[in-house]
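To keep things clear, I will list the structure first and then write my remarks on it.
The values are calculated or read from the model by the stated rules, or taken from the named source; none is laboratory data. Just so it is clear, the structure is predicted and the values come from calculations on it, not from any experiment. With ideal geometry, Cβ positions are generated from the backbone for all residues, glycine too; neighbour counts draw on all protein chains shown.
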Amino acid sequence: MTVEAMSNVDKVFFDYVTAEEVEDAAKHEQQVFPAGEADTPEQFRYRFAHARHLFLGAFVPIISRSGHPRGRKLIGHVCGTQSALDDYTKESMSIHTPYSPSICVHSVCLVESFRSKGIGSRMMREYFSRVQWYRFTQDMSRRKPKRILLLCHDEKKRFYEKLGFVCKGKSGVVYGAGVWYEMHFDLDQN
């Protein structure tokens, strides 16, 4: 029996990435990001091990030719960690500090065939929603995230600004090629 992933945009759903899907996320990033900008499988495993509540996937159902559900296929992801720092730095890219005020998004990735269909925006809004839920379910004695930070190239700034991010200017982080811009999303105002 041949198994196919449905490509219908209306069938896309979001859920946390499982341990079995972390390697797929790393492979997607290697395929999508330019050389020198993709994170390593080890970095993905670290983020999953320490901050799985910040590792969201976009999926399509896998349906057999006979019409029976056979699982799900990862088509994109957003992953991050928490940092005690207020800005995105090389240090914040490598260490997860639980109960810290900043969530640093390290990767927003969507396979080519699902781009320019609104899925990336939906995925980010779902991420915001889950982060807000996480904030309100934490023990009141612990610090809660106040912001989401990420880095992007100039051509992606407008995408993130439409979602509510504010560009804080050029980042001092050097990672791969090109200039990076630091984007902030205030969780208390959005």
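Residue 58 - would you say it is in contact with a strand residue (DSSP E or B) (Cβ under 9 Å, 6 or more places away or on another chain) and loosely packed, with under 15 Cβ neighbours inside 10 Å? Outline the logic, then answer.
Numbers: in contact with a strand residue (DSSP E or B) (Cβ under 9 Å, 6 or more places away or on another chain): yes; loosely packed, with under 15 Cβ neighbours inside 10 Å: no.
Against the criterion (in contact with a strand residue (DSSP E or B) (Cβ under 9 Å, 6 or more places away or on another chain) and loosely packed, with under 15 Cβ neighbours inside 10 Å), residue 58 does not qualify.
Within the set 175, 160, 181, 127, the sole residue that is surrounded by 13 or more Cβ atoms within 10 Å (Cβ to Cβ), modelled with pLDDT under 90 and among the aromatic types (Phe, Trp, Tyr) turns out to be 175. Here residue 28 fulfils each of the conditions (1) closer than 25 Å to residue 147 by Cα; (2) out of contact with any Phe, Trp or Tyr (no Cβ under 8 Å at 6 or more places or on another chain); (3) part of a helix (DSSP H, G or I) apart from (1). Has region 48-59 got at least one residue that is touching a residue at least 60 places away in the same chain (Cβ under 8 Å) and more than 12 Å from the chain's Cα centre (by Cα)? Taking every residue of region 48-59 in turn, none turns out to be touching a residue at least 60 places away in the same chain (Cβ under 8 Å) and more than 12 Å from the chain's Cα centre (by Cα). Each residue in region 21-37 was checked for being under 26 Å from residue 179 (Cβ atoms), hydrophobic (A, V, I, L, M, F, W, C) and free of Cβ contacts under 8 Å to residues at least 40 places away in the same chain, and 1 pass.
Between a residue in region 84-109 that is under 21 Å from residue 153 (Cβ atoms) and at pLDDT 90 or above and any residue that is hydroxyl-bearing (Ser, Thr, Tyr) and assigned to a loop (DSSP other than H, G, I, E, B), which pairs come within a Cβ distance under 6 Å, given they are 6 or more apart or on different chains? Correct list of pairs: 104/88; 104/92.
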